[in-house]
Amino acid sequence: MIATTLTESPASVSTSTPVEHPIEAPAQRPSFLRLGGLAALGVVVFAALAIAGLKARARQQLDREGAASALRSDRPRVLVTKAERAPTRVEQILPGTAVPLLETAIYARTSGYLKRWLVDIGDRVTEGQLLAEIETPEVDGQLLQARAALNESRATRQRNKASAELARLNLIRARNVFERGSSSQQDLDDSDAALKVASATVELSEATIQANAANVKRLEDLQAFQKVTAPFAGVVTARNFDPGALMIADNAASKELFHLARIDTIRVFADVPQTFATSVHAGQVAPVSRREVPGRVFPGVVARTTNAVDPLTRTLRVEVDVPNADLALLPGMYLQVKFQLDAPADIVRVPGAAIVTRSEGTKVALLDSQNAIRYRPVTVGRDYGTVVEVAGGLVGGETLVVRPGDDLAEGTIVEPATATAK
C-alpha cells in the first residue's frame, strides 16, 4: 500500500497540471499595477504643473494690481454720478375725495303728519318719483276757508258793480234835472260823488278777489307738498322719520326728511400743488383708482378748476368727473387721481448728497476731463429728499461728486467710482 501510493504520486501530480495554471495568474498582476501607477503618477505630475502655472499667473496679477494701486495711491477715491435733466412731463398721483354729482336734502314744505314713506335708504329713484305723503288737515281747512273767502269777494264785487251802475244812472238823472233847473248843484255833486265811491268799491272788490285767489293758490301749493317727490334721479342716502312723525314746514332746526344723491357720475376733488397749477385744464384726462381694488382704473376727465390758488395751502382745487354706472365708487371715498402735468423747463435733478452748502452759497463738485474737482454755484429748487431739483447752474450730463466733503479742495485730482442716483 505504501509503494503504491508512492508510485501514484507522480502520476497524480502530472495529471493535475491543469489545476496548477491558476497559480501562475498572480505572476501577471504586477504588470497591470505598474501601468496604473504610472498613469496616476502622470496625472499627479500634470496637476502639479497646472497648479504651479495658476499660482504663477495669480502672482503676476497681484503684481500688476499692486503696481496700479501704487500709481493711484495718491488719488482720493470718490463716488460720482451724472446730473440728469428732468422730464418735460411728470406724473403726479394726488389724493382725492369722491362726492356725488348732485346732492340735496329733502325737507317737508308743509306742516302735518307723515302718512307714509315709499322709499328707504339705498333705494334708487327716478326724477319725479313719489317718496312720501304728508297729511295736512290744517292746510286742508285753511284752503277751504280761503276758497270760501274768494267766492265771497267775487259776490261782493257783483254787488258793488250793481251799486256802481245805480250810481251812474242816478248821476244821469241828476244832471238832466239840474239842466232843467229843477235841482240844485249840491244834488248833482252828491250823485257824482256817489258814482265815484261805487266805482272805487268795485276796484276794491277786484283787489280783494286777487288777494283771496293768491291765498288759495298758496294753500293749494302747500297741499301739493303733501306728496314729496324726487327732484332728480339718484340714490336715497338718508331717511330720518317714520309714519306719524310731526312735520313742521320751514323749520331750520328740523332734520331732513330724505337725503338724495346722484352717483351714476362721481365728482372727485383733488388739490394740485402751485408748481403745476397752470398745467391743469378742463378736458384733461385724469384716471382715478382705489387702493382697495388694485389694477382697476376708472376713466376721469377734468371738468373744471377754481382758477385760483388757495393762499393757505398753495394748491389749486380741481374737479374730475368719473362715470360710475356700476356704483363701484361711493361718495366720501378716498381715491387717487393721476395727472400728466407739464414740468417746469430747464430743471436738472441731482442726488441730494451731491449738494454742498458752504458759507459762500450752495455748490456742487464737478469732475473735468482730467478728473479734477471743480466747484460750481447752483440754484436749488424743490427738495424731494434723496433727489434735489437744480433750477440754475447745470444743464444736465455733468459728472458730480457724491458727498465730496471738506477735504477735497478745488483742482484735486480724484479716482472716480460710479454711484447710482436714486
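The values are calculated or read from the model by the stated rules, or taken from the named source; none is laboratory data. Being a predicted model, the structure only gives us computed values, none of them experimental. Every residue, glycine among them, receives a Cβ derived from its backbone with ideal geometry; neighbour counts consider all protein chains shown.
Among residues of segment 317-328 being modelled with pLDDT of 95 or more and of a type in the set (A, V, I, L, M, F, W, C), the one that is surrounded by the most Cβ atoms within 10 Å (Cβ to Cβ) is VAL320.
If you check ALA391 against the conditions, is it modelled with pLDDT under 85 and in a loop (DSSP other than H, G, I, E, B)?
Details: modelled with pLDDT under 85: yes; in a loop (DSSP other than H, G, I, E, B): no.
Against the criterion (modelled with pLDDT under 85 and in a loop (DSSP other than H, G, I, E, B)), ALA391 does not qualify.
For segment 62-87, the candidate set comprises residues that are at pLDDT below 75 and polar (S, T, N, Q); within that set, the residue that is farthest from ALA391 (Cα to Cα) is SER69.
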